[in-house]
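Colleague: Quick one: the structure is below, questions incoming.
The values are calculated or read from the model by the stated rules, or taken from the named source; none is laboratory data. These numbers were taken from a predicted model, which means no experiment stands behind them. Reconstructed Cβ throughout: ideal geometry from the backbone, glycine too, with neighbour counts over all protein chains shown.
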Amino acid sequence: MNLPALSENRPLRLGSLMLLYAAQGAPEGLLYIAIPAWFAAQGVPAEAIAGYVAIILLPWSFKLFNGVLMDRFTWAPMGRKRPWLILAQLLLIGSLIWFAGLTEPTEALTWFAIAGFAVNFAGAFQDVAIDGMAIDILGEDERASANGLMWGGKTLGTAGFAFLTGRLISDEGGHGVAAIATAIFVGLIILLPLLLRERAGEKLLPWTEGQAAPVTRERQLARWWPLIRNVFSAMAKPASLLLGAGILLAFAAYGLKTAFSPTLAVQEIGWEREVFTNRDAMADLIGGLFGIFVSGWLADRVGPMKALGAALAGMALLNGAAVFAWPDGGFYFAYLLVYSVLFVLMSVCTYAIAMGQSRGTVAATQFSIFMALLNLGTSFGASRLEMLRGGGGYEAAFAACAGLSLVAAIFYVFSVRLDGRTEPSPVLRDQEMRL
């Protein structure tokens, strides 16, 4: 059976990208929501869970190097990004199986962090490979719709597997079944890159017939130095430096919130573990639907900087209120729902502004640097929980989130003013979602 190539069939192309992003979101539902809640229910201290979150998030900070490596090297007869995607998904399946075989967290928390790091290491390679493939095969007129489907696929994958793996951990008495279920799902999705070529005439597998497409040979990077020189020149601009600082601070607040949320909900407020995973998954789902149907339109209508400023101001007010009201379970559930919506709006606007400042021959690599700073900030924020709780409890953590959001907004504003590019529509309609 000779299936059409992705570049030649629009429904197949868009559907495949959505499912591939769902396979990217599924491990996040397990690692970021279900597992930390399980840790909290097992009595693991908040600081230890924060350390786990900080470590497993680190591989997402390497996306720049992943992108450069993939742009420089590939096996063109099988496509520009498809070989990397297949390899990344095989590594993802293997690391999830390893994760499933670990013992209880009280005995092997360090190994959980290391195995989680391995899962995300493979996941980050998968993410960059999917993004690169999307850029190569999508037409200019379908990028907006494709980004919506990709965002929705990832959201559904994260929320769905947060709910599913949380239930499996509860019903089956451990994390192993949950991790294996996630691996099976990724294993089913890997059939897409195994059976579908990027472009007609390419090899389906290394031992089959085919050759590199002419467009693949033309786009393949052959030299290192021009790329490195232009990237350093672009990132040294004041607007880029200020934007990088704003991204770091804004997403450090998100990383801090991600780290303290499970223990605060389970150990302090008193929610059952499955209640927290269900409610956090619901918040993610609502945020994702908001991202698909509302955030782009809203930012396009009022401008990305105004929408971003409103999101950051809302996050600062929400965290400021939480300093006093967090012990109330009803308030904290509302906090999760509102925070998810504001975070999605902040993220979409951040991508829009970062893409607007990524120009010229190194636009893709410069954008990857901004996204690496995003993930580095998330990991750094998660790692600061122990210091903040030791100095002032959860109140200090919420206050830090509020302060980081406000300072980040200042950096964003000065960056956009220096850059001199605030037009929202062209950027938002052509954005590449890389969260």
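So that you can scan it fast, the table gives a plain yes or no per residue for (1) surrounded by fewer than 24 Cβ atoms within 10 Å (Cβ to Cβ); (2) in contact (Cβ under 8 Å) with a residue 12 or more places away in the chain; (3) in contact with a helix residue (DSSP H, G or I) (Cβ under 7 Å, 6 or more places away or on another chain):
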| position | (1), (2), (3) |
| --- | --- |
| 3 | yes, yes, yes |
| 21 | no, yes, yes |
| 25 | no, yes, yes |
| 35 | no, yes, no |
| 56 | no, yes, yes |
| 69 | yes, no, no |
| 84 | no, yes, yes |
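Colleague: Based on this model, can you work out whether residue 233 counts as assigned by TED's automatic domain parsing to the domain that holds residue 349, hydroxyl-bearing (Ser, Thr, Tyr) and crowded, with 18+ Cβ neighbours inside 10 Å?
Modeller: no
Colleague: How many of the residues making up the range 274-327 are surrounded by 18 or more Cβ atoms within 10 Å (Cβ to Cβ), outside any helix (DSSP H, G or I) and on the phi < 0 side of the Ramachandran plot?
Modeller: Number of matching residues: 1.
Colleague: Among the listed residues 277, 263, which satisfies the condition of being in the same structural domain as residue 382 (by TED's automatic domain parsing), touching a Pro at 6+ places or on another chain (Cβ under 8 Å) and within 20 Å of residue 175 (Cα to Cα)? Give the derivation first.
Modeller: Values: 277 fails: touching a Pro at 6+ places or on another chain (Cβ under 8 Å).
Exactly one of 277, 263 is in the same structural domain as residue 382 (by TED's automatic domain parsing), touching a Pro at 6+ places or on another chain (Cβ under 8 Å) and within 20 Å of residue 175 (Cα to Cα), namely 263.
Colleague: Please state which one of 310, 325, 321 is touching a residue at least 24 places away in the same chain (Cβ under 8 Å) and either small (Gly, Ala, Ser) or not assigned by TED's automatic domain parsing to the domain that holds residue 163 (or both). Before you say what the answer is, go through the steps one by one.
Modeller: Details: 325 fails: touching a residue at least 24 places away in the same chain (Cβ under 8 Å); 321 fails: touching a residue at least 24 places away in the same chain (Cβ under 8 Å).
Of 310, 325, 321, the one residue that is touching a residue at least 24 places away in the same chain (Cβ under 8 Å) and either small (Gly, Ala, Ser) or not assigned by TED's automatic domain parsing to the domain that holds residue 163 (or both) is 310.
Colleague: Could you please give the count of residues in the range 97-117 that are over 20 Å from residue 188 (Cα atoms) and part of a helix (DSSP H, G or I)? Please lay out each step first, then the result.
Modeller: Here is the first cut: in the range 97-117, the ones over 20 Å from residue 188 (Cα atoms) are 101-117.
Now restrict to residues that are part of a helix (DSSP H, G or I): 105-117.
Of the residues in the range 97-117, 13 are over 20 Å from residue 188 (Cα atoms) and part of a helix (DSSP H, G or I).
Colleague: Given the options 183, 222, name the one that is over 22 Å from residue 336 (Cα atoms), at pLDDT 90 or above and not hydroxyl-bearing (Ser, Thr, Tyr). Explain how you work it out, then say what you get.
Modeller: Details: 222 fails: at pLDDT 90 or above.
Just a single option satisfies the conditions, and that option is 183.
Colleague: Given the conditions (1) farther than 30 Å from residue 174 by Cα; (2) without any contact (Cβ under 8 Å) to a residue 12 or more places away in the chain; (3) among the β-branched types (Val, Ile, Thr), and given that residue 292 satisfies all but one, which numbered condition is not satisfied?
Modeller: Result: residue 292 passes all but (2).
Colleague: Looking at the range 175-203 only, could you name the residues that are free of Cβ contacts under 8 Å to residues at least 40 places away in the same chain and in contact with a helix residue (DSSP H, G or I) (Cβ under 9 Å, 6 or more places away or on another chain)?
Modeller: Result: 181, 184, 188.
Colleague: Within the range 262-270, is even one residue of a type in the set (S, T, N, Q), within 30 Å of residue 385 (Cβ to Cβ) and surrounded by 23 or more Cβ atoms within 10 Å (Cβ to Cβ)?
Modeller: First, the residues of the range 262-270 that are of a type in the set (S, T, N, Q): 263, 267.
From the residues that got through so far, the ones that are within 30 Å of residue 385 (Cβ to Cβ) too are 263, 267.
Checking the rest, the ones that are also surrounded by 23 or more Cβ atoms within 10 Å (Cβ to Cβ) come to 263.
Yes: one or more hits.
Colleague: Quick one: which of 94, 132, 123 is farther than 20 Å from residue 373 by Cβ, in the same structural domain as residue 25 (by TED's automatic domain parsing) and part of a helix (DSSP H, G or I)?
Modeller: Details: 132 fails: farther than 20 Å from residue 373 by Cβ; 123 fails: farther than 20 Å from residue 373 by Cβ.
Going through 94, 132, 123 in turn, just one is farther than 20 Å from residue 373 by Cβ, in the same structural domain as residue 25 (by TED's automatic domain parsing) and part of a helix (DSSP H, G or I): 94.
Colleague: Sort through 344, 348, 338 and tell me the only one that's touching a Gly at 6+ places or on another chain (Cβ under 8 Å) and either modelled with pLDDT of 95 or more or over 25 Å from residue 158 (Cα atoms) (or both). Break it down stepwise before answering.
Modeller: Numbers: 344 fails: either modelled with pLDDT of 95 or more or over 25 Å from residue 158 (Cα atoms) (or both); 348 fails: either modelled with pLDDT of 95 or more or over 25 Å from residue 158 (Cα atoms) (or both).
Only one candidate qualifies: 338.
Colleague: State yes or no: is residue 260 within 28 Å of residue 38 (Cα to Cα) and part of a helix (DSSP H, G or I)? Before the answer, list the steps.
Modeller: On the way: within 28 Å of residue 38 (Cα to Cα): yes; part of a helix (DSSP H, G or I): yes.
Taking the combined requirement at face value, the residue satisfies it.
Colleague: Could you list, in sequence order, all residues of the range 376-386 that are crowded, with 24+ Cβ neighbours inside 10 Å and either of a type in the set (A, V, I, L, M) or at pLDDT below 85 (or both)?
Modeller: 382, 385
Colleague: So, one more: Have a look at 351, 335 and point out the one that is under 21 Å from residue 409 (Cα atoms), part of a helix (DSSP H, G or I), out of contact with any Leu (no Cβ under 7 Å at 6 or more places or on another chain) and hydroxyl-bearing (Ser, Thr, Tyr).
Modeller: 351
Colleague: Among (1) more than 19 Å from residue 335 (Cβ to Cβ); (2) not in a helix (DSSP H, G or I), there is one condition residue 271 misses while meeting the rest; what is its number?
Modeller: That leaves (1) as the condition not met.
Colleague: Taking the options 385, 318, 345, name whichever one is out of contact with any strand residue (DSSP E or B) (no Cβ under 6 Å at 6 or more places or on another chain) and within 30 Å of residue 238 (Cβ to Cβ). Explain how you work it out, then say what you get.
Modeller: Numbers: 385 fails: within 30 Å of residue 238 (Cβ to Cβ); 318 fails: within 30 Å of residue 238 (Cβ to Cβ).
The unique qualifying residue is 345.
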